[in-house]
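Presented below is the structure to which this report refers.
The values are calculated or read from the model by the stated rules, or taken from the named source; none is laboratory data. Values in this document were obtained by computation on a predicted structure and should not be read as measured data. Here the Cβ positions follow ideal geometry from the backbone for every residue, glycine too, while neighbour counts run over all protein chains shown.
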Amino acid sequence: MTILPLRLLSASLRSHMEDRFSFVVQILAALAINGVEFLGVAALFRSFGGLRGWSLAEVGLFYALVNIAFSFTDLFSRGFDVFADSLRAGSFDRVLLRPRPAAWQIAFSEFRLRPLGRLAQGAAVFAWAASQLAWTPDRAALAAASVAGAFCLFYGLIVFQATMAFWTVDSLEMMNALTYGGVYAAGYPMDIYRPWFRRFFTGVVPLACVCWFPVLGALGREVPPALAWGAPLAGPAFLFLSLAAWRLGVRRYASTGS
Amino acid sequence: MTAYLAIVSARFRTLLQYRAAAVAGIVTQTFFGVVRLSILEAFFRASTGPQPMTAADMPAYIWLGQALFQMVPWALDRDVAAQIRSGGVAYELLRPVDLYGFWFSRALALRTAPVLLRAAPMVVIAAAFFGMGPPPSVASAAAFAASVLSALLISCALTVLISISMLRTVSGEGASQALLIAVMVFSGLIIPLPFFPEWLQPFVRWCPFSGLLDVPLRIYTGNIPAGEAAVFIARQLAWVVALVALGRVSLSWGLRRLSVLGG
């Protein structure tokens with residue numbers, strides 16, 4: 001079961017390498033698109049001199065961690081991303097016939113290497129931000145917990161989006177507001193947002209639990225240790241719920257057949 | 001002329017059918033609008049020094065930008081791209097209309113229909129919940145309307161230029177990606193252009209991308225006073241002429257060297 005993803009990944013890599021030029025252009029473009037975004041933040045810092053007590057390096061850490069986490073999610077969830085199409089085409093029936101868990105097969109059925117651009121850019125911002133900040137083993141562990149939690153949360157969102165396709169194939173793009181929009185929003189300190197916005201991203205989609213509380217701890221800011229250490233668990237919990245919904249969807253799935 | 005009008009109206013009616021996509025787009029654009037506005041408001045609350053724009057300009061700048069998002073040429077015309085890849089462009093050459101005019105008419109529909117579906121609800125949301133007000137004067141409103149129309153023409157000319165570049169590179173990745181980046185940065189989609197560093201301002205002012213979004217938005221907010229708007233609109237129109245001329249020259253050059261694959 002564990003060898004399957006590796007095989008599929010290497011096959012996908014080899015197929016991408018067939019057109020090396022286009023591959024490189026895509027990665028560079030993704031890198032540049034994400035790169036200019038952070039330069040925009042830097043330009044605002046330059047013009048305004050600060051963001052409510054946050055330094056550019058601190059904002060950079062928020063920004064880098066969520067982008068790194070999401071690039072991993074994006075890298076390993078492409079199959080769920082295009083799931084609605086395969087459901088419509090009827091190819092999901094074939095998946096169900098194979099003696100492997102359906103979610104496992106879908107997850108690794110397709111790879112897209114574009115997220116590597118986001119990853120490279122996130123890593124670059126992280127390297128710069130990290131060099132400006134003071135670190136302890138605890139803080140580094142909190143940063144890692146944030147990335148792991150955010151990876152799970154975004155993965156859960158994408159599984160949830162795919163699951164909705166069992167019931168409707170309309171307006172699935174609305175979930176993009178939560179994934180891409182969530183990455184965008186979590187790249188800044190959460191205390192700049194309106195209260196209803198923060199409540200939504202703490203209680204409904206626990207973005208603040210994975211990208212805010214642990215990072216506050218990683219920055220050495222005032223935050224109860226139990227909250228900083230415990231909150232990232234909301235990520236795996238969200239993923240668990242999404243997978244439960246997914247199984248529910250698979251159970252009630254009746255092929256259109258032809 | 002009637003042929004081109006027919007192309008615009010046929011494409012327009014097709015594109016108006018994508019209502020579910022419009023609803024999803026409104027939700028997504030509203031979400032991004034909330035985040036962008038929150039970020040800028042937070043910067044304004046922290047700052048004490050004078051800024052090139054005021055905090056009061058922000059809601060209209062951000063929300064109108066989100067509402068007009070689909071007017072900006074951040075992606076290519078997929079159908080034309082597919083035709084060039086498949087060789088179907090040969091059929092287009094057989095039609096008794098000028099290919100540049102044909103593609104420009106398609107672009108005109110592509111850049112207006114989605115905006116018409118999205119803009120009105122978004123402006124209502126922004127005015128009701130996020131403090132977007134009317135323009136400061138009737139003159140500003142009129143200048144804004146003229147400037148948006150010029151922006152639309154720039155956008156269409158750029159869309160066609162991308163299609164033409166695909167005649168040469170087939171995959172079109174390179175040119176369209178480069179354009180996407182330039183459009184995002186220099187149209188004001190990431191941050192309002194006045195916040196760019198001083199040394200970049202002359203470049204920003206003179207390149208065509210500011211005419212896509214930043215100029216009409218700043219005319220609306222009054223950041224560009226109605227009295228000075230004419231200069232900016234003239235610059236937009238000059239870019240339309242330049243980009244159309246460039247497109248026509250490179251199209252005839254591209255067609256001379258075009259070899260269509262397939263049989």
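Here are a few things to note about the model shown:
- Residues of region A:5-38 classified as more than 7 Å from chain B (Cβ to nearest Cβ), of a type outside the set (Val, Ile, Thr) and either surrounded by 14 or more Cβ atoms within 10 Å (Cβ to Cβ) or not in a helix (DSSP H, G or I) (or both), total: 14
- Only one entry of A:THR179, A:THR168, A:THR163 meets the criterion of being of a type in the set (Ser, Thr, Tyr) and touching a Gly at 6+ places or on another chain (Cβ under 7 Å), and that entry is A:THR163.
- Positions within region A:39-73 being within 12 Å of chain B (Cβ to nearest Cβ), among the hydroxyl-bearing types (Ser, Thr, Tyr) and in contact (Cβ under 8 Å) with a residue 40 or more places away in the chain, in sequence order: A:SER55, A:TYR63
- Residues satisfying the stated conditions in region A:175-213, i.e. assigned to a helix (DSSP H, G or I), closer than 16 Å to A:PHE154 by Cβ, within 11 Å of chain B (Cβ to nearest Cβ) and not aromatic (Phe, Trp, Tyr): A:MET175, A:ASN176, A:ALA177, A:LEU178, A:THR179, A:GLY181, A:GLY182, A:VAL183, A:ALA185, A:ALA186
- Every residue from region B:1-45 that is of a type outside the set (Val, Ile, Thr), out of contact with any Ser or Thr (no Cβ under 9 Å at 6 or more places or on another chain) and over 30 Å from A:ILE192 (Cα atoms): B:MET1, B:SER9, B:ALA10, B:ARG13, B:LEU16, B:GLN17, B:TYR18, B:ARG19
- Check on A:SER91, in contact with a helix residue (DSSP H, G or I) (Cβ under 9 Å, 6 or more places away or on another chain), surrounded by fewer than 17 Cβ atoms within 10 Å (Cβ to Cβ) and farther than 28 Å from A:ILE27 by Cβ: yes
- Residue tally, condition facing chain A (nearest Cβ under 7 Å), in contact with a helix residue (DSSP H, G or I) (Cβ under 7 Å, 6 or more places away or on another chain) and either farther than 30 Å from B:ARG78 by Cα or assigned to a loop (DSSP other than H, G, I, E, B) (or both), over region B:22-65: 7
- Residues that are assigned to a helix (DSSP H, G or I), hydrophobic (A, V, I, L, M, F, W, C) and within 14 Å of B:TYR61 (Cβ to Cβ) within region B:128-145 comprise just one, B:PHE144.
- Per this entry, A:LEU65 is not counted among residues that are of a type in the set (A, V, I, L, M), more than 20 Å from A:TYR180 (Cβ to Cβ) and buried (at least 18 other Cβ atoms within 10 Å of the Cβ).
- Flag for A:PHE197 being surrounded by fewer than 20 Cβ atoms within 10 Å (Cβ to Cβ), within 19 Å of B:SER38 (Cβ to Cβ) and of a type in the set (Phe, Trp, Tyr): yes
- Qualifying helices (runs of 4 or more DSSP H) (wholly inside region B:173-263; at least 1 residues being surrounded by fewer than 22 Cβ atoms within 10 Å (Cβ to Cβ) and within 12 Å of chain A (Cβ to nearest Cβ)): B:173-186, B:201-206
- If you check A:ARG98, A:ARG52 for being of a type in the set (D, E, K, R), surrounded by fewer than 21 Cβ atoms within 10 Å (Cβ to Cβ) and more than 23 Å from A:TYR193 (Cα to Cα), only one passes: A:ARG98.
- Residue satisfying all of: in region B:66-82; in contact with a helix residue (DSSP H, G or I) (Cβ under 7 Å, 6 or more places away or on another chain), under 19 Å from B:PHE12 (Cβ atoms) and assigned to a helix (DSSP H, G or I); modelled with the lowest pLDDT among these: B:VAL80
- Unique residue being farther than 19 Å from B:ALA151 by Cβ, surrounded by fewer than 20 Cβ atoms within 10 Å (Cβ to Cβ) and within 14 Å of another protein chain (Cβ to nearest Cβ) when the list is B:ARG19, B:ARG13, B:ARG78, B:ARG95: B:ARG19
- Whenever a residue of region A:237-252 is over 16 Å from A:ALA84 (Cα atoms), its partners that are outside any helix (DSSP H, G or I) and among the hydrophobic types (A, V, I, L, M, F, W, C), lying with C-beta atoms within less than 8 angstrom and at least six residues away or across chains, give the pairs A:PHE238/A:VAL205.
- Of the residues making up region A:45-66, those that are assigned to a helix (DSSP H, G or I), closer than 19 Å to A:GLN132 by Cα and over 21 Å from the mean Cα position of the chain (by Cα) number 4.
- Test set (1) in contact with a His (Cβ under 6 Å, 6 or more places away or on another chain); (2) within 23 Å of B:LEU200 (Cβ to Cβ); (3) not polar (S, T, N, Q) - A:PHE23 fails condition number: (2)
- Summed over region A:157-174, residues that are in contact (Cβ under 8 Å) with a residue 60 or more places away in the chain and facing chain B (nearest Cβ under 10 Å) total 2.
- Number of residues in region B:1-12 that are farther than 17 Å from B:LEU99 by Cβ, under 20 Å from the mean Cα position of the chain (by Cα) and of a type outside the set (Gly, Ala, Ser) equals 1.
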